[in-house]
1. Looking at (1) of a type in the set (Lys, Arg); (2) more than 22 Å from the chain's Cα centre (by Cα); (3) surrounded by 20 or more Cβ atoms within 10 Å (Cβ to Cβ), which is the only condition residue 446 fails?
2. Considering only residues of segment 1-56 that are modelled with pLDDT of 90 or more and β-branched (Val, Ile, Thr), which is farthest from residue 517 (Cα to Cα)?
3. Name the residues in segment 145-176 that are in a loop (DSSP other than H, G, I, E, B) and among the aromatic types (Phe, Trp, Tyr), would you?
4. Here are 511, 500: which of them is more than 23 Å from residue 121 (Cα to Cα), assigned to a helix (DSSP H, G or I) and in contact with a Leu (Cβ under 9 Å, 6 or more places away or on another chain)?
5. Go through (1) under 23 Å from residue 369 (Cα atoms); (2) surrounded by 13 or more Cβ atoms within 10 Å (Cβ to Cβ); (3) within 36 Å of the chain's Cα centre (by Cα) for residue 277 and report which single condition fails.
6. From 154, 144, grab the single residue that is surrounded by fewer than 24 Cβ atoms within 10 Å (Cβ to Cβ), touching a residue at least 40 places away in the same chain (Cβ under 8 Å) and farther than 24 Å from residue 541 by Cβ.
7. Mind checking whether some residue in segment 263-273 is modelled with pLDDT of 80 or more, closer than 14 Å to residue 380 by Cβ, in contact with a strand residue (DSSP E or B) (Cβ under 7 Å, 6 or more places away or on another chain) and not basic (Lys, Arg)?
Amino acid sequence: MPDVPNPHALGSMLLTMIALILFSRERLRLEITSLGLICILAVGFSLFPFGDFRPAAFFAGFGHEALIAVSALMVLGHGLVQTAALEPIGRLLGRIWVKLPQLSFMATLVVGAALSAFVNNTPIVVLLLPILVSVCLRAKTSPTKVLMPMGFATLIGGMGTTIGTSTNLLVVSVASDLGLRTFGMFDFLYPAAVGGVVAFLYLWLVAPLLLPKRDIQLSDPSPRLFEARLHLPARSPAVGKTLSEAIELCEGKLEAFRVRRGEAIIMPLPDVILRAGDRLRVRDTPENLKLFEDALKATLHSIDQNDNAQYTLSAENQSLAQIAVVAGSRLDRTSLRTIRFLDQFQLVVLALHRAGREILGGDDRIERTLLRPGDILLVQGPREQIARMKKSAEFLVLDATVDLPESRKARIALGIFIGVVVAAATGLMPIAVSATAGACLLLLTRCLSVSGAMRAINSSVFFVVVASLALGRAMVETGATQYLTEVFLFVTQGADPVVLLGALMLLLALLTNVVSNNAAAVVGTPIAIGIAGQLGLPPEPFVLAVLFGANMSYVTPMSYQTNLLVMSAGNYRFADFVRVGIPLTVLMLVTLTWILGQIYF
């Protein structure tokens, strides 16, 4: 058994475990958690010095090449979405799907994966979701059979290149910092492609059989459950009656799980007498929410009675729509009140949905709820305004007939992106340099505004990357990674190198489904290099085992933001991801372990 490490190494390992747990907590802002961890490391090593190590080195991640590349690539991807540069591909898939659905399904998987090898998969999923929903509804087939496989295909495609995901860039950069040769853009495309072929066959032929058939009918009120509040005015027939009598007025369908009277919260007991001004917190389908509003003559929206009175919900041209919050939009990680949603878009938010979970805070105020990617807003407003939202690349309107945005800047944005990829792939310049130059060109050609570029940089990813680099630095400098390497080899002593590869990949696959994949990858990369060094084996396959394992976010919906988008759009449940994701993970583990063994051993 390896010797007990020094106190600094023990502290680094303990803090890393705490970080992985905190990163998986949805109620904690990743930005705050990440900054807190960096501060704890810097202050801790200042108060308890470790050799000649400088605590200020923990802030070096803010200028790390990997972070610069990740941020610039997020801007480039957002530029492609804003200018609708990928629109022709979407339109082509939409046209051929009706004629050849099965072949079009496979083509969609391949196209989604191919695009995700170069662009963050979130805009790819945003592009393909409304197209697939639309063609499925026209063909009278269930979208639930195809949306999840499409989302997983984009995750698999991201494994193929160094710029496919932020995780790839981190693993490659950390390995380079530790003395390993720098991976080229396509150096691990071959094993990723072999694993991808096996995965695509599974997603194409088997996964649809494992998924339930659910009619989501996105153009009409859907079975998606939204949280809302019903405000009872003085004219409501429910005023002066008991809650049970109010339920009868709603055809017995109303289920209030909280009654707020002023600042007080009242238990929703059947004999509670309702008063004017009471707010009932409910969760139901859009159809039933509108039924409750009509039956009780209640107010169903996020604004107070006297606010924004100029917006009326009784005009003849009113219609309902469901809008998904996507990463990089003005709705991402903010509240409706902060961005003055009603003033900007003339749409009233009636209710919210978050993958079947409770979303409203303790005060039941929708307008103050912090939104995140994957949330669905039930909105009501003029039809022309909703049509305008459909044409905006910033919003994903979940409707059966979605008009793709158009832009004269599409060719410019696409040309810039291709130039960035070619410059990096040929070795003309590092990806951090070419991507930054490409982002600047997008701004200079006005393909993207400065505010749009700032919104494109996901602050959660930004700070998690910096915190992960700091934790990795602490683990390496204190010898914690060396200790964990020795423990891993002690547990697996005598095992074949291929078995070690599989065990390491499995460990990372488990971690990435419950904690931050970037943090797991940064901690796992030094361990992978240490294992190879002690066994006298090439380090490349072990580093790739970390890279591939950290990308296997298939089993849980919260493991990756596109999983949440797919979950909301397809009305999936947690068990659906487990049912489809576990076999896919096993297939990828076995295939990738075998092919890496064939290549390197």
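The values are calculated or read from the model by the stated rules, or taken from the named source; none is laboratory data. Since we're looking at a predicted model, the values are computed, not measured. Please note: Cβ atoms are built from the backbone with ideal geometry, for glycine as well, and neighbour counts cover all protein chains shown.
1. Evaluating residue 446 over (1) of a type in the set (Lys, Arg); (2) more than 22 Å from the chain's Cα centre (by Cα); (3) surrounded by 20 or more Cβ atoms within 10 Å (Cβ to Cβ) leaves (3) as the failure.
2. Applying the filter and picking the extreme gives 43.
3. Taking segment 145-176 and keeping what is in a loop (DSSP other than H, G, I, E, B), we get 146, 158-165.
Of everything in segment 145-176, nothing turns out to be in a loop (DSSP other than H, G, I, E, B) and among the aromatic types (Phe, Trp, Tyr).
4. Values: 511 fails: more than 23 Å from residue 121 (Cα to Cα).
Sole residue among the options that is more than 23 Å from residue 121 (Cα to Cα), assigned to a helix (DSSP H, G or I) and in contact with a Leu (Cβ under 9 Å, 6 or more places away or on another chain): 500.
5. (3)
6. Numbers: 154 fails: surrounded by fewer than 24 Cβ atoms within 10 Å (Cβ to Cβ).
That would be 144, the only listed residue that is surrounded by fewer than 24 Cβ atoms within 10 Å (Cβ to Cβ), touching a residue at least 40 places away in the same chain (Cβ under 8 Å) and farther than 24 Å from residue 541 by Cβ.
7. First pass over segment 263-273, keeping only residues modelled with pLDDT of 80 or more: 264-273.
Next cut, closer than 14 Å to residue 380 by Cβ only: none.
For segment 263-273, residues modelled with pLDDT of 80 or more, closer than 14 Å to residue 380 by Cβ, in contact with a strand residue (DSSP E or B) (Cβ under 7 Å, 6 or more places away or on another chain) and not basic (Lys, Arg): absent.
Matching residues to (1) in a strand (DSSP E or B); (2) touching a strand residue (DSSP E or B) at 6+ places or on another chain (Cβ under 8 Å); (3) at pLDDT 85 or above:
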position: 236; (1), (2), (3): no, no, yes
position: 251; (1), (2), (3): no, no, no
position: 276; (1), (2), (3): no, no, yes
position: 289; (1), (2), (3): no, yes, no
position: 295; (1), (2), (3): no, no, yes
position: 302; (1), (2), (3): no, yes, no
position: 306; (1), (2), (3): no, no, no
position: 315; (1), (2), (3): no, yes, no
position: 332; (1), (2), (3): no, no, no
